[in-house]
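The values are calculated or read from the model by the stated rules, or taken from the named source; none is laboratory data. As the structure is a computational prediction, the values presented were derived from the model and not from experiment. When we count neighbours, we look across all protein chains shown, and the Cβ atoms used for this are built from the backbone with ideal geometry, even at glycine.
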Amino acid sequence: MKKVTVKSVLIKVVIAIILIIDVYPIFWLLCASIKENYEWTEYPAYALPKSFHWQNYVEAWTRGRMAIFFKNSLIDTLISLVFIVVFSVTVSFACVKMDWKWKNAVAKYFQLGIMIPVATSLMPLFQLYNNLHLTNTAFCLIITYIAFGLSLSIFLINGYLRSLPDDIMEAAVIDGCGIYQLMYYVVVPIMKNAIVTVLVLQFFFKWNDLLFSMTFISNSNLKTVQTGLLYFSDEFGSKNWGGIFASVSMSILPMLVLYTFLNKAVIEGMTAGAVKG
């Protein structure tokens, strides 16, 4: 039998405590989303719901207009993700695996974008979009998401490509692959985990965006999920806490589902460039 030591017991206890700390807020949120309004005044906030009041989700989806906000967020996020992946893969490949004069300067230029605070760019971007009559359009959000998503994405894929041996690509070129065939049939399949990592991380960032959406979008029909939550909470004279927490639960559902199914690929992609060889 496996010997049980004090150290192993302490490790398991610490892991259990961390797990409870991580899981309890989600459990509390789900319980809060199915409470009726009277339960918030008659019982403590940590009390379990007395019944399953699923009407909160119906009100959040219809009266709270979460259906519109979900559609806007999906459109803005998915379109920006397509361009982020395409640009980051091609730029990283050009900077790491191709031989040309300015490749190091271009790579450092994109890395500088990681150090730019988002808040400092809000006013200049707002003035620019306002002068170009692009505020209150999905285009201004999408192009901003792409611009601010490229630096980190290129940095991650650069690390992965540096650990990728050149022999594979040289063999493909000898067999007659052109540059586009090499990218599509060789490089992209090998970089699957790195691409999934970029997709998941950038999906989290764009889906949770509040600053850009609040700054550039004032039309309620174009608001995203995060600004829509504020719109929902201010819609009622008295706070409909059940509906508000139902909206929050729906807003985090895509992220939980995405990471649950892709967490292994994300971890592999994050650590792929950490070890050479």
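What to note about this one:
- Only a single criterion out of (1) more than 22 Å from the chain's Cα centre (by Cα); (2) surrounded by fewer than 16 Cβ atoms within 10 Å (Cβ to Cβ); (3) touching a residue at least 60 places away in the same chain (Cβ under 8 Å) is not satisfied by Ser51, namely (3).
- Residue that is farthest from the chain's Cα centre (by Cα) [pool: residues in segment 215-231 that are within 19 Å of Ile252 (Cα to Cα) and of a type outside the set (Ser, Thr, Tyr)]: Leu230
- Every residue from segment 139-166 that is over 30 Å from Pro189 (Cβ atoms) and either buried (at least 17 other Cβ atoms within 10 Å of the Cβ) or in contact with a strand residue (DSSP E or B) (Cβ under 8 Å, 6 or more places away or on another chain) (or both): Cys140, Leu141, Thr144
- Selection status of Gln111, more than 25 Å from the chain's Cα centre (by Cα), part of a helix (DSSP H, G or I) and over 28 Å from Ile244 (Cβ atoms): no
- Residues being in contact (Cβ under 8 Å) with a residue 12 or more places away in the chain and not in a helix (DSSP H, G or I) - total across segment 136-179: 4
- When Gly277, Gly273, Gly242, Gly269 are checked against the criterion of being surrounded by fewer than 13 Cβ atoms within 10 Å (Cβ to Cβ), over 14 Å from the mean Cα position of the chain (by Cα), at pLDDT below 85 and not aliphatic (A, V, I, L, M), Gly277 stands alone in meeting it.
- Test: Ser33 is under 22 Å from the mean Cα position of the chain (by Cα), in contact (Cβ under 8 Å) with a residue 40 or more places away in the chain and buried (at least 16 other Cβ atoms within 10 Å of the Cβ): no
- Here segment 117-135 is the region considered, the condition is being part of a loop (DSSP other than H, G, I, E, B) and surrounded by fewer than 11 Cβ atoms within 10 Å (Cβ to Cβ), and the residue that is modelled with the highest pLDDT is His133.
- If you check Val85, Val4, Val9 for being at pLDDT 85 or above and either among the hydrophobic types (A, V, I, L, M, F, W, C) or farther than 26 Å from Phe204 by Cβ (or both), only one passes: Val85.
- Selection within segment 129-161 - within 25 Å of Asn104 (Cα to Cα) and of a type in the set (Ser, Thr, Tyr): Thr144, Tyr145, Ser151, Ser153, Tyr160
- The set of residues from segment 39-80 being touching a Ser or Thr at 6+ places or on another chain (Cβ under 7 Å) and within 15 Å of Asn208 (Cα to Cα) comprises Met66, Phe69, Asn72, Ser73, Asp76.
- Matching residues in segment 21-51 - criterion: being of a type in the set (A, V, I, L, M) and out of contact with any Phe, Trp or Tyr (no Cβ under 7 Å at 6 or more places or on another chain): Ile21, Val23, Ile26, Leu30, Ala45, Ala47, Leu48
- Condition check for Thr62: within 29 Å of the chain's Cα centre (by Cα), β-branched (Val, Ile, Thr), surrounded by fewer than 14 Cβ atoms within 10 Å (Cβ to Cβ) and closer than 23 Å to Gln226 by Cβ: yes
- Residues located in segment 68-95, provided they are buried (at least 18 other Cβ atoms within 10 Å of the Cβ) and closer than 11 Å to Leu150 by Cα: Ser80, Leu81, Ile84, Val85, Ser88, Val89, Val91, Ser92
- Within segment 36-48, the set of residues being more than 20 Å from Ser247 (Cβ to Cβ), among the hydroxyl-bearing types (Ser, Thr, Tyr) and loosely packed, with under 13 Cβ neighbours inside 10 Å comprises Thr41, Tyr46.
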